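J.: Right, I'll just put the structure down here and ask away after.
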Amino acid sequence: MLDRSRGEWGEAADDVSAMTINYLFFGLLKTDGKKLDKDFKLLYETFFDVYLEETGDYDILEVIQPFYAFRGLVVASPVWYPNISLETRRNCLTL
């Protein structure tokens, strides 16, 4: 059964984590997993700063962790991304 009560709006924590995990993931890919690339880190921080400033939704910081855990498992998975290094895979889960 699907709960469509908020379907037209989506879950902000899911949406924000889905968007920002890409900055972290591509930031690791750029350095072959050794560290988070500074430009992608800046994109991540800027997105979050603007989101919080524009929405005032600081409660997201209380609930976003499980969404990041799920997204981190997806991008670290060899099923979905079979060609990334083990170091990148590990860092997807430890950032």
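FYI, it's all coordinate maths here, none of it is from the lab. Note that the structure is predicted; figures quoted are calculated from it, not measured. Neighbour counts are summed over all protein chains in view; Cβ atoms, including those assigned to glycine, are modelled from backbone coordinates with ideal geometry.
J.: What's the exposure ranking of VAL16, VAL50, VAL74, VAL79, going from fewest to most Cβ atoms within 10 Å? Write down the numbers at each step before the final one.
T.: Values: VAL16 21, VAL50 10, VAL74 15, VAL79 6.
So the ranking, lowest neighbour count to highest, is VAL79, VAL50, VAL74, VAL16.
J.: Also, quick follow-up: Sort SER17, SER85 by Cβ crowding within 10 Å, fewest neighbours at the top.
T.: Least to most surrounded, the residues fall as SER85, SER17.
J.: What percent do you get for the relative contact order of the chain when only Cα pairs under 8 Å and 6+ apart count? Mind dumping the intermediate values first?
T.: On the way: 78 pairs, mean separation 32.3, N = 95.
Normalised by residue count, the contact order of the chain is 34 percent.
J.: Give the longest segment of the chain that steers clear of trypsin sites (Lys or Arg not before Pro) in DSSP loops with at most 11 neighbouring Cβ atoms within 10 Å, not counting the sites themselves. Provide the component values of the computation, followed by the final result.
T.: Working: sites that count: ARG4, ARG6.
Free of exposed loop sites, the longest segment is 7-95.
J.: Looking only at LEU61, LEU42, LEU28, which one moves most when the chain is put into a Gaussian network model with springs between Cα atoms under 10 Å?
T.: So, out of LEU61, LEU42, LEU28, the one fluctuating most is LEU61.
J.: Further, regarding this structure: Grab the beta carbon distance between LYS30 and LEU52, set R0 = 30 Å, and tell me the FRET efficiency rounded to 0.05. The partial results should precede the final answer.
T.: Values: r = 25 Å, r/R0 = 0.85.
With R0 = 30 Å, the Cβ-Cβ based efficiency is 0.75.
J.: Which aspartates and glutamates have a Cα lying under 12 Å from the Cα of LYS35, excluding residues fewer than 8 positions away in the same chain?
T.: Qualifying aspartates and glutamates at Cα under 12 Å: GLU87.
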